[in-house]
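Encoded as structure tokens, the structure appears first; notes follow it.
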Amino acid sequence: MPQGAARMRRMSRRNASRGPQFASAVATGLAAGWMAVLAAGWMAALAGAGLHAQELVDLPGEDRAVSPDLELVYAIGSAAAAAQWQEFTSISGVAFDGASNLYLLDGTRMESSARVVVVDAAGRFVREFGRAGDGPGEFRAATQLVVWEDGQVLVEDMLHAGYHVFSPGGEFERMVREGGGGMGFAMARRPNLRPERTGARTLIGRSGRTIQRVDMSQEDVEDHVLAEAWAPVEDDGPRSGDLEDMIDEEWGFEPDLLFDALPSGGVAYSDSSAWAVKLTDPSGAISRILRRPIRPLAVTEEMEREERERQLDAESNRTITQRGSAPPAAVREMIDNMRSLQREALENMRFFPEVPVIAALRATWDGALWVQRSTEPGSDDAGPIDLIAPDGRYLGTLETGTAALPDMPDAFGPDGLVAFIDTDEFDVPVITVWRLPPAIRLESARPPLAP
């Protein structure tokens, strides 16, 4: 199962600004009628955004099966890799540039092998750059990879509290600094950054329940809010400096904020339990809402119990990787206290009444949408993927779980390319690149979605 797609299907709440991700970022830095409420909140959010100016598009409720028929282009990695450059440690990011080159962020958990590897459209080695270290262009804790169409690369580095920028040829150019101090707190609030394909050095990211346009062209990060998503749990305001106030109340099955950048400069996002995808223009104003009449799965007491146990097990098994000498005793005590508080929050977890229908949302290079539906909590099966054409038509539904389409792709590229991150029987990363058939690539003569 691809690592990235599996992470995207997690149904339990993981607030991007606080909670386990925030606690993990702190630890890394220090160590080296609920349905009515949901519906009412969703409709209120639509009204507040100016519903009168939006087009509601009701798509068919019955699935139309579409066969994947993907063509394998190449596979690299595995314990039996033929070349040394293919001996990957841990892949946390893959992305294509406009020339169909694939970029891989390898060795990201502060291993000495940290680097970016580039292969061409046939899977042949092109170059690698970056390495572990404390200097410019050297990674202390690389966590995200972004690649623009021309091949310029940005690597998020939590312990540098900033972003390394490399030229299309792999030469280090500069650092873009992030606020929030040297622990990388602010970056812990920017998961799943997406590059915009508008020619500017901008990205689309999220912070809490807002979607932001993030400018990386200057020495310091600049951002502004594009869209305010519906918040199913009220934010109780700024936190104090006390550890007890840094850990959020935990909610199971909270609707996640899923998003991706569109070629038009707008954004597609989902923020409710329903099958509903909102499309914005480049200014962030909602222009169209796509809906399918698929009901969310009702949450039972057994689901609640099992979800709480899964999250507690995951917290107990979470490890903190450090580089260099052990942290001071006071720091170690602070980390232990934060983990204890997080465990207490999980033990007291509250639950939403339904499992959100949408588990993952991605946009292809031509503006088509891949909308993955969730499965029953605890299932290892990947949900089906609904295909939406660039002009907003429902094209059909792909069944996952096959060799060609195990899950949602980890990266989309030009010319119908998709990439998956997997592992072999020895838990060594394997990356496969496939080409979508024309019927799925949705090469349509119809105009794309209007902004």
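Laid out as a table, the results:
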item	result
Local electrostatic count, A363, Cβ distance below 12 Å [Lys/Arg +1, Asp/Glu -1]	0
Using distinct alpha-carbon pairs, which all enter the 1/r mean, Kirkwood radius of the stretch 375-417 in Å	12.0 Å
Only Lys, Arg (+1) and Asp, Glu (-1) charged, at Cβ; the stretch 77-131 dipole about Cα centre in debye	80 debye
Fewest-first ranking of E196, E344, E399, using other Cβ atoms within 10 Å as the exposure measure	E344, E399, E196
A285/V233 FRET efficiency (R0 25 Å; Cβ-Cβ; nearest 0.05)	0.50
Gain upon complete extension [D69, E301; 0.36 nm per residue less C-alpha separation]	79.5 nm
Computed FRET value (nearest 0.05) for R318 with E219, which takes r as the C-beta separation and R₀ as 25 Å	0.15
HN-Hα J in Hz across the stretch 220-231 - Karplus 6.51, -1.76, 1.60, θ = phi - 60°, x for Gly and Pro	10, 5, 10, 9, 8, 6, 8, 8, 9, 7, 5, 10
Table column - 3J(HN,Hα) (Hz), the stretch 72-84, Karplus curve with 6.51, -1.76, 1.60, x for Gly and Pro	5, 9, 6, 9, 9, x, 5, 5, 9, 4, 7, 10, 5
Per-peptide average of other Cβ atoms within 10 Å, ordering 255-264, 379-388, 124-133 highest first	255-264, 379-388, 124-133
Taking Y74, Y163, Y269 and counting other C-beta atoms within 10 Å, the order from fewest to most	Y74, Y269, Y163
Per-residue HN-Hα couplings for the stretch 383-391 [Karplus 6.51, -1.76, 1.60; θ = phi - 60°; Hz; x = Gly/Pro]	x, x, 10, 8, 9, 10, 5, x, 8
Net charge contributed by nearby residues that have their C-beta within less than 13 Å of P68 (K/R +1, D/E -1)	-2
For the stretch 327-451, Kirkwood radius (reciprocal of mean inverse C-alpha pair distance, Å)	17.8 Å
Options L405, P390, F352, ranked by Cα towards positive dipole end of the stretch 339-412, top entry (Cβ charges)	F352
Amide H contacts under 5 Å for A411, placed H, 5+ residues apart	A419
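Bear in mind these aren't lab numbers, they're just calculated from the coordinates by the rules spelled out. Bear in mind that the values here come from a model prediction, so they are computed numbers and not experimental data. Neighbour counts run over all protein chains shown; Cβ positions are idealised from the backbone, glycine included.
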